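To start, the structure under review is shown below, and the notes come after it.
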Amino acid sequence: MRARLALLSSGTDCECREIKLAAKPEAMLTASPKGTVPVLVLSKDHVIDQSLDIMKWALSQSDPENWLAKPRYDLIERNDTSFKHHLDLYKYATRHNSDPHYHRQEALQSLLDLEQMLETAHFLSGAYFGLTDAAIAPFVRQFAATDSIWFEAQNIPRLQAWLREFTSSGRFEQVMHRFSPWQPTDEPVFLRADT
């Protein structure tokens, strides 16, 4: 989701291929043998297969909304390591044989820090939605959706409002659009910034 957010913000049109990870197509594995998504194929010799790197690349091409003005890479790093670790062990507790309540509380500590940051600015990037917000919001959304009643009962009103603003945006609806799983014979489907 966050790679798509940056591609849209930068105005970069790209062919979008929805991948069913249980049946990864050979073309994907040829482009990126690690077999995870997202994968951005710029050319045969230039493939980007990390979502944050795709965001940085797209915004380095064009940044009309000034998302790169005040990135907080420290917050993104914490999100991508500690928070995501606890999110996965909370959300997929059965799969990991983990204690979901412990990992939910640990993840909440990161969210309490974000709540404190939002006391002084409307967004994590400052006065406007930016790279930091786009990089973190999809993970907070996953966390909130795991037990939405519990999440809404927490004393994090600014973060809850920030998340609601994100999930009610037209851009969110656009990146959440589910395409049919890609087949080699399919006509190209494009993610376009102007739609």
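Just so you know, all these numbers are worked out from the coordinates, no wet-lab data involved. No experiment lies behind these values; they were computed from the predicted model shown. Cβ atoms come from the backbone with ideal geometry, glycine included; neighbour counts cover every protein chain shown.
Kirkwood Rh over alpha-carbon pairs of the range 80-125, then Stokes-Einstein at 25 °C and 0.890 mPa s: what D in µm² s⁻¹, rounded to an integer?
Using the Kirkwood radius from Cα pairs, D works out to 218 µm²/s.
Over the range 34-134, what per residue volume does the convex hull of the Cα atoms give, in whole Å³?
Spelled out: Cα convex hull of the range 34-134, divided by residues, is 107 Å³.
Quick check: the angle from helix 100-117's long axis to the longest principal axis of the chain, C-alpha only, nearest 10 degrees?
Orientation of helix 100-117: about 90 degrees from the principal axis.
Strictly over 29 Å apart at the Cα level, which of K34/K70; K20/K84; K24/K70; K44/K84; K20/K70; K24/K44 would you flag in this model?
K34/K70; K24/K70; K44/K84; K20/K70
Summing -39500 (n - 2.57) over the DSSP H runs of n ≥ 4 in the chain and dividing by its residue number, what mean residue ellipticity at 222 nm do you reach, to the nearest 500 deg cm²/dmol?
Calculated from helices alone, the mean residue ellipticity at 222 nm is -14500 deg cm²/dmol.
Around E18, which amide H atoms from residues at least 5 apart in sequence, or from another chain, sit under 5 Å from its own amide H, with H modelled in the peptide plane?
Those lying under 5 Å, H to H, from E18 are W182.
Rounded to the nearest 0.05, what FRET efficiency do I149 and S82 give with R0 = 22 Å and r taken as the Cβ-Cβ distance? Could you check?
That gives a FRET efficiency of 0.35.
If you bin every alpha carbon distance in the range 3-72 into 10 Å steps from zero, what whole percent lands in each bin?
19, 49, 24, 7
Can you tell me the orientation of helix 51-61 relative to the chain, as the angle in degrees between its alpha-carbon axis and the longest Cα principal axis, to the nearest 10?
70 degrees
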